[in-house]
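Following: one structure in structure tokens, then a few remarks.
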Amino acid sequence: MHLSNISYIKKTIVFKQAIYIVGTRRTSFGTFGGKLKDYTAIDLQEAANRVIGNVCRTSTYAIYLARHAALRIGVPIHVPALNVNRLCGSVFQPVINGGQEIQLGESNIILCDGAESMSQAPYTVRNTRFGTKLGVD
């Protein structure tokens, strides 16, 4: 089948349920290698979380940051948790996902967040596994 034979139907979806952001909070920013360098992304969580944007997995439990952060603050384990990674968009993607869940009727309340600890991100030195040569080949 050729792409020219495919007809596209444009649909407009109108959601009737309003979504409200009832509170926001921004935690402080630290400097690279500064006073917050010994804290993991989970340590820096003080608010309840359900959808968390995160790029750098800087600890062994950060692979499922949303679940671990939620459990740490007492959210029951049966409540769903979701990590998202959209690089620079990771800060806003949890809000988008949360809004979609509300519009689809999957949830009534969503707690959205983002977390990073860049001071704990691994320092990568490329091409060193098998050694490197000095100078230019």
Somewhere in region 105-113, is a residue surrounded by 17 or more Cβ atoms within 10 Å (Cβ to Cβ) and not in a loop (DSSP other than H, G, I, E, B)?
-> yes
Which ones in region 58-92 are more than 14 Å from residue 111 (Cβ to Cβ) and outside any loop (DSSP other than H, G, I, E, B)?
-> 62, 63, 64, 68, 87, 88, 89, 90, 91
Which residue pairs have Cβ atoms closer than 9 Å, lie 6 or more positions apart in sequence or on different chains, and pair a first residue in region 21-48 that is within 25 Å of residue 103 (Cβ to Cβ) and part of a loop (DSSP other than H, G, I, E, B) with a second residue that is at pLDDT 75 or above and basic (Lys, Arg)?
-> none
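The values are calculated or read from the model by the stated rules, or taken from the named source; none is laboratory data. The shown structure was predicted, so the numbers you read here are calculated from the model rather than taken from an experiment. With ideal geometry, Cβ positions are generated from the backbone for all residues, glycine too; neighbour counts draw on all protein chains shown.
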